[in-house]
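Input: a single structure, listed below in structure tokens.
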Amino acid sequence: MVRELGEQVTKWFQKYMPDAFVFAILLTLIVVIAALLCTDTSPMGIIIAWYDGFFDLLAFGMQIVLIIITGFAIALSPSVNKGIDLMTRFIKTPFQTYLFVVMIGMLLSLVSFGWLVITAVLARELALRIKGVHYPFLIACVYISMNSWVMGLSSSIPLLLNTENNFLIKEGILSDVVPSSATLGSPLNLTMMGLMVFGAPLLMVLLAPKKPQSKALEDLRPASSEMKEPSIEREAESNVSEKRNVSDRLNHSMPLQALITIMGVSYIVYHFATKGLDLNFNIMIFIFLILGMALHKTPIGFVIAMKRASSNVSGVLFQYPFYAGIMGIMGYTGLGNQLAEGLATVATVDTFPFFAYLTGGVVNFAIPSAGGEFAVVGPGMLAAVQELGHGLPEQQITAMVSRASLSIAYGESLSNMLQPFYLLLVLPIMAKGVRLQARDVMGHLLIPFLLFFIIQVIVVTVVPL
């Protein structure tokens, strides 16, 4: 019955949900209207705030593009393909594929949400080899697997709270850092981690369609698909002139590429030796880049792989600025802070985790970035929480701040299941060569969202910190 309900919801999304870019435009207009109604900012002031924010995510957008294409280029290497071929000896059915992809994706996302790209690459390659996989549902499995990232090593809100002289301390909202042991290492976070890592794979298997219903990858892929592309090695050899001149030797020079690879590995070792387990976006991109060069061995092989990997990233390039514009309106007009303060004013010592969770989920539709969202709503929410705890011991107030911050993070992460923003990381890889849009995927996520919403609200409210 639940599976049939999921199929009906998917049909509803396919009928009513517009393209992801149209979704961004509609969100922009909704936030503009909200700013007009709830703030004193003039219409021109709102437009200026939109423009001022429009380019705030340029660096982040470029990082996302590089994460996608460098991760995809790694997957195109012969070594990775052999490894995936070996893996299919143990994973042979669609249900095993769904379970494995969600579980591995959850574990990878605990390291960094950028590793969602690796999950997408793995899932696509498995779909090419295993018959009967419902491909849109598999994309949904990949997308839900990123939910664990706010509980892991790269969770931006706990890392910010543990940063010396962060903006909350400078603004006088916090008196000192909140150690990671009080957030990431807390029983609350460990409980939520176990819930997602083990519960989500089982839930997605229960919801999985029994039959692909003409939605297998081989059914969706047109005859002129990438499967008929020559291998990277063969294409590289076809570019060699008959006389094999100097330029050909340079293009195919393994020693030349090896020198750069050695330089890159040297820096990676230095980075982790001096900075510890600092997995920021820049070092991840650099690791992917150097690993891709090592796996493809020659400059021309790596160039061909990167060219193929970058053929489907247009959505990221032009849609991220629109979300940055929405973030600009929320931040520069004060709308985001007003929303957080408004929800916080109706909260009590017992209910503030729920309202913090709700704030994280609602604001995420306008600011789909945990760090960016927290910069907008965090000060108002945490100030209200400290006011609620006035007169309590310092240790208890710190625990309330930690619980509110984690609740915002969990709400932000789960609401991505209804927000196609981060599908822009997945679709360039998984929808390459097929005609699939966000609406084909999002319907499979509504029931998981509703179930985990109820469970997570109970967890953030009841489980001790």
Practice prompt. Of the conditions (1) under 26 Å from the mean Cα position of the chain (by Cα); (2) surrounded by 15 or more Cβ atoms within 10 Å (Cβ to Cβ), residue 275 clears all except one; give me its number.
Written response: (2)
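Whether any residue in region 89-97 is within 26 Å of the chain's Cα centre (by Cα) and surrounded by 20 or more Cβ atoms within 10 Å (Cβ to Cβ) is what I want to check. If you could, list the steps in order and put the result at the bottom.
The first filter runs over region 89-97 and keeps only residues within 26 Å of the chain's Cα centre (by Cα), leaving 91, 94-97.
From what's left, surrounded by 20 or more Cβ atoms within 10 Å (Cβ to Cβ): 94, 97.
Yes, region 89-97 contains at least one residue that is within 26 Å of the chain's Cα centre (by Cα) and surrounded by 20 or more Cβ atoms within 10 Å (Cβ to Cβ).
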Worksheet item: Are any residues in region 168-183 surrounded by fewer than 22 Cβ atoms within 10 Å (Cβ to Cβ) and farther than 17 Å from residue 379 by Cβ, and if so, which ones?
Response: 179, 180, 181
Worksheet item: Does residue 258 fit the bill of being exposed (fewer than 14 other Cβ atoms within 10 Å of the Cβ) and either in a helix (DSSP H, G or I) or modelled with pLDDT of 85 or more (or both)?
Response: no
Worksheet item: Which one is most open to solvent (accessible area, probe 1.4 Å) among residues in region 125-139 that are touching a residue at least 60 places away in the same chain (Cβ under 8 Å), part of a helix (DSSP H, G or I) and more than 26 Å from residue 370 (Cβ to Cβ)?
Response: 128
Practice prompt. Give just the number: which of (1) open to solvent by less than 10 Å² (accessible area, probe 1.4 Å); (2) modelled with pLDDT of 95 or more does residue 117 not satisfy?
Written response: (2)
Item to complete: Filter region 76-88 down to residues that are under 29 Å from residue 210 (Cβ atoms) and assigned to a helix (DSSP H, G or I) and give me whichever is least open to solvent (accessible area, probe 1.4 Å).
Response: 84
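Among the listed residues 375, 324, 356, 366, identify the single one that is under 17 Å from the mean Cα position of the chain (by Cα) and either modelled with pLDDT of 85 or more or within 19 Å of residue 161 (Cα to Cα) (or both). Spell out how you get there, then give the answer.
On the way: 375 fails: under 17 Å from the mean Cα position of the chain (by Cα); 356 fails: under 17 Å from the mean Cα position of the chain (by Cα); 366 fails: either modelled with pLDDT of 85 or more or within 19 Å of residue 161 (Cα to Cα) (or both).
Of the residues listed, the single one that is under 17 Å from the mean Cα position of the chain (by Cα) and either modelled with pLDDT of 85 or more or within 19 Å of residue 161 (Cα to Cα) (or both) is 324.
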Discussion item. For region 29-67, give me each residue that is outside any helix (DSSP H, G or I), within 28 Å of the chain's Cα centre (by Cα) and crowded, with 16+ Cβ neighbours inside 10 Å.
Written reply: 56, 57
Discussion item. Cβ-Cβ distance below 9 Å, separation of 6 or more or different chains: which pairs start in region 1-30 with a residue that is under 22 Å from residue 208 (Cβ atoms) and end on one that is open to solvent by 100 Å² or more (accessible area, probe 1.4 Å) and modelled with pLDDT of 85 or more?
Written reply: 2/206; 3/206
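Would you pick out the residues in region 98-114 that are among the aliphatic types (A, V, I, L, M) and open to solvent by less than 50 Å² (accessible area, probe 1.4 Å)?
From region 98-114, those among the aliphatic types (A, V, I, L, M) are 99, 101-104, 106-108, 110-111; that's our starting set.
Matches in region 98-114: 101, 102, 104, 106, 108, 110, 111.
Give region 419-436 a look and list any residue that's charged (D, E, K, R) and either without any contact (Cβ under 8 Å) to a residue 12 or more places away in the chain or closer than 17 Å to residue 13 by Cβ (or both), or say none. Talk me through it step by step, then tell me what you get.
Filtering region 419-436 down to residues charged (D, E, K, R) leaves 432, 435.
Once the filter is applied, which keeps residues that are charged (D, E, K, R) and either without any contact (Cβ under 8 Å) to a residue 12 or more places away in the chain or closer than 17 Å to residue 13 by Cβ (or both), region 419-436 yields only 435.
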Fill in: Enumeration of residues in region 142-167 that are farther than 22 Å from residue 382 by Cα, open to solvent by 10 Å² or more (accessible area, probe 1.4 Å) and of a type in the set (Val, Ile, Thr)
none
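Looking at 192, 204, which one is within 16 Å of residue 447 (Cα to Cα), in contact (Cβ under 8 Å) with a residue 12 or more places away in the chain, surrounded by 16 or more Cβ atoms within 10 Å (Cβ to Cβ) and of a type in the set (A, V, I, L, M)? Quick ask: steps written out before the conclusion?
Values: 192 fails: within 16 Å of residue 447 (Cα to Cα).
None of the other options fit; the residue is 204.
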Worksheet item: residue 78 is checked against (1) within 23 Å of residue 233 (Cα to Cα); (2) touching a Cys at 6+ places or on another chain (Cβ under 9 Å) and fails just one. What number does that condition carry?
Response: (2)
Worksheet item: Considering only region 384-416, how many residues are closer than 19 Å to residue 109 by Cα and open to solvent by 10 Å² or more (accessible area, probe 1.4 Å)?
Response: 0
Item to complete: Could you please let me know if residue 272 is of a type outside the set (D, E, K, R), assigned to a helix (DSSP H, G or I) and either more than 30 Å from residue 255 (Cα to Cα) or touching a residue at least 12 places away in the same chain (Cβ under 8 Å) (or both)?
Response: no
Worksheet item: Counting just the residues of region 163-196 that are touching a Ser or Thr at 6+ places or on another chain (Cβ under 6 Å) and not in a loop (DSSP other than H, G, I, E, B), which one comes out modelled with the lowest pLDDT?
Response: 182
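The values are calculated or read from the model by the stated rules, or taken from the named source; none is laboratory data. The model shown is predicted, which means the values in this text are computed figures rather than measured ones. A quick note on method: Cβ atoms are made from the backbone with ideal geometry, for glycine too, and the neighbour counts reach across all protein chains shown. Ligands, DNA and RNA are stripped out before the accessible areas are found, and what is left, the full protein with its side chains, is counted by its heavy atoms. Shrake-Rupley method; radii C 1.70, N 1.55, O 1.52, S 1.80 Å.
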